[in-house]
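So the structure is just underneath, and the comments pick up after that.
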Amino acid sequence: MNMKKLYLSVVALCLIFSSLRVKAQDGIGELFKSGPSDATKLVQAYAEPFFKGFGTGLNGGWTNTAKTKSLFHFEIRVSASGVFIPQSDQSYDITQIGLSSQIRPHVAGQTQAPTFGGNTTAPSIDVYSTGGTKLATFQLPSGASSVVPAPQIQATLGLVHNTDVTLRYMPTINIGDKYGKVDMFGFGFKHDIIQDFGTAGKLIPFDLAVTFGYTKLNYTFPLTVNPDAGTTPANASQSTDFSNQHVDGHFSGINIAAIVSKKLLFFTPFASVGYSSAQTNVGMLGNYPFTNGTNGVNATYTTYTNPISIDETSISSMRADIGFQLDFVVIKLYASYSAAKYSSVNGGLALGF
């Protein structure tokens, strides 16, 4: 697999990720009919499962065996994770996320809205001015997918003292004006501690290693949120240039684990237990029109610059993995399952020796 094909494989995974985002974009644009504070809370409630799922996926796929490589032996692998959003995180109650009194259910009692991972019908909400005038009614965004994909591309090199080092890297790839740009960087290591016992270690019939991995993926894509038809600027100082709108997202994760495996000819089963943490930093940058007033005749909008910023630890928990690796000399196939609140599967292909 040459480098061009390698990058094309990752681009294909990013297109899957991007297509899920496109399904939800129109609905997300509707959130800008409320104020920045309310829009932030609505975006966060809707996207939180995606943040958790994508962070969980980035932390997967580091290794499928405790056995380290011989000195200067290497491997290049491409893999993908699919993370399952649990039923409990597929909806949220709009009355329980701290919205202002200017945001109200359009139909009393219809307060359950789908998150990114939901499949229920999204309710409509009403937006009122501070004076109590009804400004707009809009439907909240519908769900996109209950499975969140995440790509991994990495190269591993065997060093001295039973230690592997791994580099994850993808240069900035422009997927197009519709889908945006993506890049990724990460590093990790694995150390087989059984072999540290010398001769005594040879009596132990399995391999045991400790691993560490860090990944960061940056993703930028454009948005188009224009003023509602019939609305006018609140005053002459409001910007009417909305051409600079985009989402700037940064997803990073740390995975620490102990892994045990046993090679049986070409088949190597493994199990691991560890700790996984993911950080999300997402901002909606540019100028956005928020319908939040009236001039007595028409609804008016106020332009806010960079109105939404979400910076959070999206997930932090223990995780347990089980899986296997099939070794056919220079080609390796592998698959695994991770048990956690956000369970996941991972699979891929590696070339090396």
Residues being farther than 30 Å from Asn218 by Cα and either at pLDDT below 85 or of a type in the set (Gly, Ala, Ser) (or both): count how many of those fall in region 299-314.
-> 1
Sort out which residues of region 203-238 are aliphatic (A, V, I, L, M), in a strand (DSSP E or B) and touching a His at 6+ places or on another chain (Cβ under 7 Å), and write them in order of number.
-> Ala209, Val210
Exactly one of (1) within 23 Å of Phe74 (Cβ to Cβ); (2) under 22 Å from the mean Cα position of the chain (by Cα) is unmet by Asn162. Its number?
-> (2)
Consider Asp183 carefully, then state whether it is of a type in the set (Asp, Glu) and either crowded, with 21+ Cβ neighbours inside 10 Å or assigned to a helix (DSSP H, G or I) (or both).
-> no
Selection status of Thr231, of a type in the set (Ser, Thr, Tyr) and exposed (fewer than 13 other Cβ atoms within 10 Å of the Cβ) | no
Confirm whether Ser314 is closer than 20 Å to Val148 by Cβ, touching a residue at least 40 places away in the same chain (Cβ under 8 Å) and touching a strand residue (DSSP E or B) at 6+ places or on another chain (Cβ under 9 Å).
-> yes
Would you confirm whether any residue within region 162-184 is among the basic types (Lys, Arg) and in contact (Cβ under 8 Å) with a residue 60 or more places away in the chain?
-> yes
When you go through Asp196, Asp228, Asp164 one by one, which is the residue that is modelled with pLDDT under 90, on the phi < 0 side of the Ramachandran plot, touching a strand residue (DSSP E or B) at 6+ places or on another chain (Cβ under 8 Å) and not polar (S, T, N, Q)?
-> Asp228
Condition set assigned to a loop (DSSP other than H, G, I, E, B) and of a type in the set (D, E, K, R), scope region 239-269, selection farthest from Asp321 (Cα to Cα): answer is Asp241
Checked against (1) small (Gly, Ala, Ser); (2) in contact (Cβ under 8 Å) with a residue 40 or more places away in the chain; (3) surrounded by fewer than 16 Cβ atoms within 10 Å (Cβ to Cβ), Gly213 satisfies every condition except (3)
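The values are calculated or read from the model by the stated rules, or taken from the named source; none is laboratory data. Please read all numbers here as calculations on a predicted model, not as lab measurements. Cβ atoms come from the backbone with ideal geometry, glycine included; neighbour counts cover every protein chain shown.
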